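None of the figures in this text is laboratory data; all of them are computed from the coordinates on show. Because the structure is a prediction, the values reported are computed rather than measured. Cβ sites come from the backbone with ideal geometry, for glycine too, and all protein chains shown count toward neighbours.
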Amino acid sequence: MLLYIHVPFCRTKCAYCAFASQEYIEESVSVYLRLVQQELEIRSRQLRRRKVSSIYIGGGTPTVLPFASMSRIVDAVYKHFDPVPGCEFTLEANPENILEMADLQAFSSMGVNRISLGVQSLDDRLLYTLQRGHDSRQAIKAARKIRQADFAALSLDLIWSLPGQTLQGWMAELAHAVQLAPDHLSCYGLSLEPGTRLSAGIQSGELKLPDERTQTGMYVHGAHYLESCGFLQYEISNFARMGFRCKHNLGYWAGESFLGAGPSSVSTMDGLRWQNPSAICDYQALGEKNFSDLEFERLSHSRKINELVMLSLRTSRGLNLKDYKQLKGECFSRRYAGVIQALHQNSLIRMAHGYLSLTRNGMLVSDSILEKFME
Ligand code: SF4
């Protein structure tokens with residue numbers, strides 16, 4: 001089982017952010033800490049202390065929590081769940097929060113073995129547009145410190161297709177990121193979320209996205225460059241050196257059971273799915289009812305098929321056609337023969353060794369391809 005813990009606090013709100021995050025307020029943090037420990041205890045009892053193959057603390061900004069608060073969460077995890085040997089333990093961190101070696105040693109002493117650093121850009125002009133809480137100097141310093149500390153893996157998050165970003169600029173950012181010696185890179189195309197300041201800036205014409213040709217170049221040349229540096233693409237947005245693919249993400253895409261704790265977190269266990277409310281007050285109300293007053297959705301057969309197709313086609317490995325046939329009782333290539341032929345003629349998909357997968361150009365337009373394969 002995969003375990004995800006959501007820490008919903010951030011010091012400030014970034015211009016593009018639509019994640020469940022809220023202002024860091026002491027009272028809310030102490031309510032949250034009490035509840036998340038209670039939730040872990042209750043779920044552990046319900047799940048008979050299931051073993052965990054991955055622990056992921058994400059947010060929000062987990063590293064805004066002081067060490068003592070983070071310790072309380074981690075202690076609760078170890079008290080109520082048993083990590084398997086070699087369990088991956090990822091902590092999402094923001095550069096401005098982990099500039100001191102002492103902080104990093106503290107995280108390492110808790111068992112964290114993988115840091116996912118929210119760099120987003122190494123260009124100060126773009127970081128300003130994103131209204132991040134750090135500059136490129138802090139991001140570089142944090143990445144170097146993490147490398148000096150005792151962590152098995154470092155992952156960097158970057159965003160492409162930002163307003164004002166050029167193809168040359170993006171390639172320079174990637175080259176700079178590679179110099180920081182990460183093991184893993186997540187490169188996300190900017191997703192414009194309605195209601196965000198960035199989205200309003202684009203709508204008003206104050207900011208301008210790179211044109212489509214530039215965006216395509218960023219994705220295709222960027223992926224090609226990373227592969228030439230030894231980072232294999234294993235998912236639409238994820239690249240890793242050999243042996244450093246993220247186990248947590250892989251488990252999620254493979255449809256493993258996952259338990260989420262904390263506001264807004266989603267869980268899927270044994271065919272049942274539920275989601276915690278996002279607001280702390282609603283999360284508190286749920287806690288008062290022992291985390292039982294939730295809508296539990298039993299995943300329908302067609303939902304399971306859609307998720308198998310959607311999640312596995314995100315990966316470079318692709319969809320195992322045997323798995324599909326077993327679940328659906330029908331051959332995928334026969335069912336979608338016309339679509340497959342058209343996509344294949346346009347070099348957007350490939351089929352080999354019993355797997356159907358998207359080519360790099362296919363990954364670039366994955367949303368519209370996946371739509372065609374939904375039940
Ligand atoms: S740090 Fe992450 S979660 Fe927090 S506001 Fe920025 S993008 Fe959103």
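If contacts are Cα pairs under 8 angstrom and at least 6 residues apart, what is the relative contact order of segment 302-372 in percent? Please list the in-between numbers first.
Details: 73 pairs, mean separation 22.9, N = 71.
So the answer I get is 32 percent.
Let me check I've understood the local charge: for Val119, count other residues with C-beta under 10 angstrom from its C-beta, Lys and Arg +1, Asp and Glu -1. What total comes out?
Numbers: positive: Arg132; negative: Asp157, Glu173.
Residues close to Val119 contribute a combined charge of -1.
For segment 74-122 and segment 1-55, write down the distance between their C-alpha centroids in whole Å.
14 Å
Count the net charge of all other residues whose Cβ sits under 15 Å from the Cβ of Pro210, scoring Lys and Arg as +1 and Asp and Glu as -1.
Details: positive: Arg125, Lys208, Arg213; negative: Asp123, Glu173, Asp211, Glu212.
Around Pro210, the charge tally is -1.
At a threshold of 8 angstrom on Cα-Cα distance, excluding pairs fewer than six apart, so keeping six or more, what relative contact order does the chain reach in percent? Display every interim value, and only then the final one.
Values: 647 pairs, mean separation 58.5, N = 375.
It comes to 16 percent, rounded to a whole number.
Evaluate 2.2 N^0.38 Å with N set to the residue count of segment 302-372, then give the Cα radius of gyration divided by it. Can you show the working numbers first?
On the way: Rg = 11.0 Å, N = 71, 2.2 N^0.38 = 11.1 Å.
Against the empirical 2.2 N^0.38 Å value, I get 0.99 for segment 302-372.
Would you mind pulling out the separation of the Cα centroids of segment 291-369 and segment 223-241, in Å?
For segment 291-369 versus segment 223-241, the Cα centre distance is 22 Å.
Let me make sure I get this right: for segment 3-64, a, b and c are the square roots of the gyration tensor eigenvalues over alpha carbons, sorted descending. Under 1.5 in a/c it's rounded, otherwise prolate if a/b > b/c, else oblate. Which is it?
Details: a/c = 3.23, a/b = 1.74, b/c = 1.85.
Verdict is oblate for segment 3-64.
Find which of Ser108, Asn238, Ala254 sits farthest along the positive direction of the dipole of the chain, computed with +1 on the beta-carbon of Lys and Arg, -1 on that of Asp and Glu, about the Cα centre.
Farthest along the dipole direction, towards plus: Ala254.
Going by amide H atoms built from the backbone, whose H comes under 5 Å of the H on Phe89, apart from near neighbours?
When sequence neighbours closer than 5 places are left aside, the close amide H contacts are Ile55, Asn113, Arg114.
Lone cysteines in the chain, going by a 4.7 Å Cβ-Cβ cut-off?
So, Cys10, Cys87, Cys187, Cys229, Cys246, Cys281, Cys331.
Give the cross-link partners of Lys289 among the lysines, using a straight C-alpha distance below 25 Å as the criterion and excluding same-chain residues fewer than 8 apart.
By straight Cα distance, Lys289 reaches Lys79.
Counting helices only, and only those DSSP H runs with n ≥ 4, report the 222 nm mean residue ellipticity of the chain as the sum of -39,500 (n - 2.57) divided by its residues, in deg cm²/dmol to the nearest 500.
Here the helix-only value at 222 nm equals -13000 deg cm²/dmol.
Take the alpha-carbon positions of the chain, form their convex hull, and give its projected area averaged over all directions (one quarter of the hull surface) in nm².
Numbers: hull surface 75.2 nm².
Mean projected area for the chain: 18.8 nm², to one decimal.
Rounded to the nearest whole Å³, what is the per residue volume of the convex hull around the Cα atoms of segment 39-134?
On the way: hull volume 10.3 nm³, N = 96.
Cα-based convex hull of segment 39-134, divided per residue, equals 107 Å³.
Show me, for segment 253-268, the HN-Hα J-couplings you get by feeding each phi into the Karplus relation (A = 6.51, B = -1.76, C = 1.60, θ = phi - 60°), rounded to Hz, glycine and proline as x.
5, 8, x, 5, 5, 9, 10, x, 10, x, x, 6, 6, 10, 10, 9
Assigning unit charges at the beta carbon (Lys, Arg +1; Asp, Glu -1) and nothing else, what dipole magnitude in debye, to the nearest 20, does the chain show about its Cα centre? All intermediate terms of the calculation are to be shown ahead of the outcome.
On the way: 40 positive and 38 negative charges, 231 e Å.
The dipole magnitude comes to about 1100 debye.
Give me the dipole magnitude in Debye, nearest 20, for segment 268-315 about the Cα centre, with unit charges on the beta carbon: positive for Lys and Arg, negative for Asp and Glu.
Details: 6 positive and 7 negative charges, 63 e Å.
With only Lys, Arg, Asp and Glu charged at Cβ, the dipole is about 300 debye.
Dipole magnitude of segment 302-372 about its Cα centre, charges +1 at Lys/Arg Cβ and -1 at Asp/Glu Cβ only, in debye to the nearest 20?
It comes to approximately 180 debye.
Express the relative contact order of segment 88-129 as a whole percentage, based on alpha carbon pairs under 8 Å and six or more residues apart in sequence.
On the way: 33 pairs, mean separation 22.2, N = 42.
Relative contact order comes out at 53 percent.
Within straight cross-link reach of Lys141, meaning Cα distance under 13 Å, which aspartates and glutamates are found once same-chain residues fewer than 8 apart are removed?
Hits, sequence-local ones excluded: Glu96, Glu100.
Using Cα positions and a limit of under 22 Å, work out the lysines in reach of Lys322, with same-chain residues fewer than 8 apart set aside.
Lys304, Lys372
Find out how many positive minus negative residues lie around Leu174, taking Lys and Arg as positive, Asp and Glu as negative, among other residues whose Cβ is under 12 Å from that of Leu174.
Working: positive: none; negative: Asp123, Glu173, Glu227.
Here the count lands on -3.
So how do Arg213, Arg360, Arg245 line up by other beta-carbon neighbours within 10 Å, fewest first? Working shown, then result.
Details: Arg213 9, Arg360 16, Arg245 20.
Placing the least packed residue first, the sequence is Arg213, Arg360, Arg245.
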